[in-house]
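Structure record follows, encoded as structure tokens.
Values quoted throughout were computed directly from the atomic coordinates according to the rules given, and no laboratory measurement underlies them. Quick caveat, the model's predicted, so the values are computed rather than measured. Here the Cβ is made from the backbone with ideal geometry for all residues, glycine too, and neighbour counts use every protein chain on show.
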Amino acid sequence: MKPNQTIARMAGFLYLAFIVIFACSSFIRSGFTVSGNIAATTHTIVASAQLFRIGLISELVSAALFFLAAWALYVLLEPVDQRLALLFLLLNLGGVAIECLNTLNLFGVLLLLGGADYLKAFQAEQVQAAAMFLLDVYRNGFIIAQLFFGTWLLPLGYLVFKSGFLPRILGILLIADFFGVLIWFLQFFLLPGYAVITYPGLAISFIAEVSLSLWLLIKGVNVERLKERVPASA
């Protein structure tokens with residue numbers, strides 16, 4: 001059972017590392033947007049281009065860590081139900097793929113504002129408007145990825161609840177997290193002026209995913225219950 005305990009702690013470490021690095025990336029990115037002011041936003045990006053790159057690379061690293069965490073969870077929960085475990089792994093991979101491709105919009109912003117000679121054919125206002133367009137596309141792409149990142153929580157939460165070697169409350173929180181992310185996705189596209197309705201769901205998301213990662217990292221799994229589960233699945 002030691003390898004399974006190791007995998008549990010690995011999953012917790014990778015998940016927590018993803019949360020921390022992604023939070024840092026989001027914090028860095030938020031500092032570049034000046035609401036309603038295109039010139040100020042683009043000027044801030046140009047003035048701190050290296051920091052903008054750090055935020056961008058951090059997001060890519062966090063995406064890789066997220067998929068590795070999902071893989072570790074797949075290995076851990078596969079004995080409970082292999083098909084559902086594969087489903088949440090594929091859903092996570094879909095979200096990671098969209099997120100990574102979506103960062104190309106941020107690279108495009110850097111290219112537009114990088115002052116290349118071929119961009120001199122355009123007026124400064126046109127270049128700035130194109131950069132803001134890519135930032136807006138990025139925001140929409142980010143929310144599209146949440147559809148997959150939210151949906152993967154449903155089979156994951158069910159398997160955690162069903163496993164017996166992890167606390168059932170974690171499974172319940174993850175399933176609630178699914179509904180919270182789904183509300184966020186729908187609100188962004190259908191009710192853009194009512195972001196306040198997403199706050200309770202986002203709070204649940206934070207509690208559910210931080211709790212899962214910390215439990216796996218610190219407590220691991222109930223070895224006796226895991227011993228009962230593995231032979232039953234063989």
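Where is the GNM fluctuation largest for the chain (alpha-carbon springs, 10 angstrom cutoff): ASP117, ASP136, ASP177?
Highest fluctuation among the options: ASP117.
Cα centroid distance between region 166-203 and region 75-124, in Å?
Cα centres, region 166-203 to region 75-124: 22 Å.
If you take the charge dipole of region 2-228 about its Cα centre, with +1 on Lys and Arg Cβ and -1 on Asp and Glu Cβ, which of VAL80, ILE143, SER205 is farthest toward its positive end?
It is VAL80, whose Cα lies furthest towards the positive end.
Kindly express, to the nearest 10 degrees and within the range 0 to 90, the angle between helix 168-190's C-alpha long axis and the longest C-alpha principal axis of the chain.
Taking Cα atoms only, the helix is inclined about 30 degrees.
Can you report the principal axis dimensions of region 1-140 using only the alpha carbons, biggest first, rounded to whole angstrom?
If we take the Cα atoms of region 1-140, the spans are 64, 27, 24 Å.
Considering the Cα positions of region 93-227, please state its Rg to one decimal place and its Dmax as a whole number of Å.
Rg and Dmax of region 93-227, Cα atoms, are 20.2, 69 Å.
How large is the Kirkwood hydrodynamic radius of region 1-83, in angstrom, based on all distinct alpha carbon pairs?
14.7 Å
For the chain, what are the per-bin percents of Cα-Cα distances with bins 5 Å wide, up to the bin holding the maximum?
In order of increasing distance, the bins hold 1, 7, 12, 17, 16, 13, 10, 8, 6, 4, 3, 2, 1, 0 percent.
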